[in-house]
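Read the structure below first, then the notes.
Please treat every number below as a calculation from the coordinates, not as lab data. Source: prediction; values computed, not measured. Every residue, glycine as well, gets a Cβ built from its backbone with ideal geometry; the counts of neighbours run over all protein chains shown.
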Amino acid sequence: MAWEGLLRQRNIVFLGEAGCGKSELAVHLALELAGQGREVHFFDLDQTKPLMRSRDAEGLLERAGITVHFEQQCADAPTQVGGIVPLLLDEDKTVILDVGGNDTGAKLIGGYAHLLKTSDVWFVVNPYRPWSATTEHIDGTLSAILRASRLKMPRFLLNPNLGGGTTLAEYLDGVRQGLELLSPYVAVEAAAVPAGLYEQAKAETAQMSTGAYVRAAALRHRVVVIDGLKEFTRELKGIGRNINQLVVLANMGKIREVRLGETMEALGRIYHQLRELTEQEHR
């Protein structure tokens, strides 16, 4: 994505749930700012067994003249990266902090909160991730992260994607989902878009208000109303909450092994019942 006009401060912080894509966004922003001639220091603070670690792009970043800071993790022990404070205070430097997922990762920057009051703090949401499927879940995660990090209310950035093969229709539908989840409560300031879809997405959304965009995106698809979905939704939300709690406990080191046989059976049963319902609608 192009960050021109979005950044207000010299230092930038990326927060969000694990797997939302904040590390990829942080890396792309660092490359863009380095290309503008800024002296960029990139801190990989992710110590929560992430899906993608920005330190894995160390070679790419260093070839662009970016200084990468991170500490190797020893087993499950979180390790703090040194040298953050003087760089945050240096007005000639740009610091990007890629923070670990959830409140577990956010604890590592709590001690710097007083120095980050004037930083650009972004909360990244990928509405295609199961743990970002409801406003309640996003709010719970955000609240936990802000308590742990002691940071102010962040700015919100959508990152709707299903990986490298994301289509334009999937991207636009993801933006719609994200706006429906967030825009009644907070301002969504931007949405990241894969480079290959940028021009098409820009043309589709030009000069459209949030409400107009949501309506247009919805009308691209056939609207089907299926009776009986509320029970499935309630059960799936319950399963999702339980799995999320298990993930949190695992990240905290309180559990090491989980048997999900009953969960898999429940999901299989829901899948078959949903198929029956949809087949009935198409008859």
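The Cα center of region 1-31 and the Cα center of region 177-201 differ in position by 14 Å. Note that region 16-31 has calculated 3J(HN,Hα) couplings of x, 6, 4, x, 7, x, 5, 5, 4, 5, 4, 5, 5, 5, 4, 5 Hz, one per residue in order, obtained from phi through the Karplus relation 6.51 cos²θ - 1.76 cosθ + 1.60 (θ = phi - 60°); glycine and proline are x. Residue-wise HN-Hα couplings along region 256-268, as the Karplus relation 6.51 cos²θ - 1.76 cosθ + 1.60 with θ = phi - 60° gives them from phi, are 10, 9, 10, 9, 10, x, 5, 5, 5, 5, 5, 5, x Hz; Gly and Pro carry x. Taking the DSSP beta bridges with both ends in region 12-219, the antiparallel portion is around 5 percent.
Shape summary: region 12-219 maps onto an equivalent ellipsoid whose semi-axes, from the alpha-carbon gyration tensor, are 29, 20, 16 Å in decreasing order. Counting neighbouring Cβ atoms within 10 Å and putting the fewest first, the residues Phe70, Phe14 line up as Phe70, Phe14. For each pair in Lys202/Lys230; Lys22/Lys202; Lys93/Lys202, compute the distance between the two Cα atoms and list the pairs where it is over 27 Å. Pairs exceeding 27 Å: Lys202/Lys230; Lys93/Lys202. Put simply, when 128-135, 26-33, 234-241, 252-259 are sorted by average Cβ atoms within 10 angstrom per residue, most first, you get 26-33, 128-135, 234-241, 252-259.
Computed on the Cα atoms alone, the convex hull of region 229-282 gives a volume of 66 cubic angstrom per residue.
Residue ranges 139-152, 80-93 sort as 139-152, 80-93 when ordered by packing (mean number of other C-beta atoms within 10 Å per residue, highest first).
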